[in-house]
Amino acid sequence: MTQLAVADALAERPAWALVHDRLVREHDCGSWDAAFALLAPIAAAADRLDHHPDWSQRGGTLRLEVRTHRPRGISRLDFDLADAIDELLPVPA
């Protein structure tokens, strides 16, 4: 995707940011248990798309990073996964 297309797509997804050529979202789940419980549904969505995020958990906060390895950069598939994740995690108003 071009830089302009990525910027336009990000404008429609306020929970996501472009950080070091990756789509990044942090989400406060409220507790460690709640954050951990969301990993399985996110993994299932990633499996359906055959596109897997990098993730980490610190306490009740999840950090998700999405990027395409080949070709390097951001692709439509990255935004498809971001949308699937947004269906599972409430987007802040």
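What the table shows:
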quantity: Pair list, Cβ < 7 Å and 6+ apart or interchain, from segment 38-49 residues that are β-branched (V, I, T) to residues that are open to solvent by less than 40 Å² (accessible area, probe 1.4 Å); calculated: I42/I85
quantity: Subset of segment 14-27 [under 18 Å from V91 (Cβ atoms) and surrounded by 13 or more Cβ atoms within 10 Å (Cβ to Cβ)]; calculated: A15, W16, L18, L23, V24, R25, E26, H27
quantity: Top-ranked residue of segment 70-81 - restricted to ones that are in contact with a strand residue (DSSP E or B) (Cβ under 7 Å, 6 or more places away or on another chain) and closer than 14 Å to A5 by Cβ, ranked as most open to solvent (accessible area, probe 1.4 Å); calculated: L77
quantity: The lone exception for S56 - which of (1) touching a strand residue (DSSP E or B) at 6+ places or on another chain (Cβ under 9 Å); (2) modelled with pLDDT of 95 or more; (3) surrounded by 14 or more Cβ atoms within 10 Å (Cβ to Cβ) it fails; calculated: (3)
quantity: Among (1) modelled with pLDDT of 95 or more; (2) exposed (fewer than 13 other Cβ atoms within 10 Å of the Cβ) - the single one Q3 does not satisfy; calculated: (1)
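The values are calculated or read from the model by the stated rules, or taken from the named source; none is laboratory data. The model shown is predicted, which means the values in this text are computed figures rather than measured ones. Cβ: placed from backbone, ideal geometry, glycine included. Neighbour counts: every protein chain shown. For the accessible areas, the whole protein counts, side chains as well, though only heavy atoms, and no ligand, DNA or RNA atoms are used. Shrake-Rupley method; radii C 1.70, N 1.55, O 1.52, S 1.80 Å.
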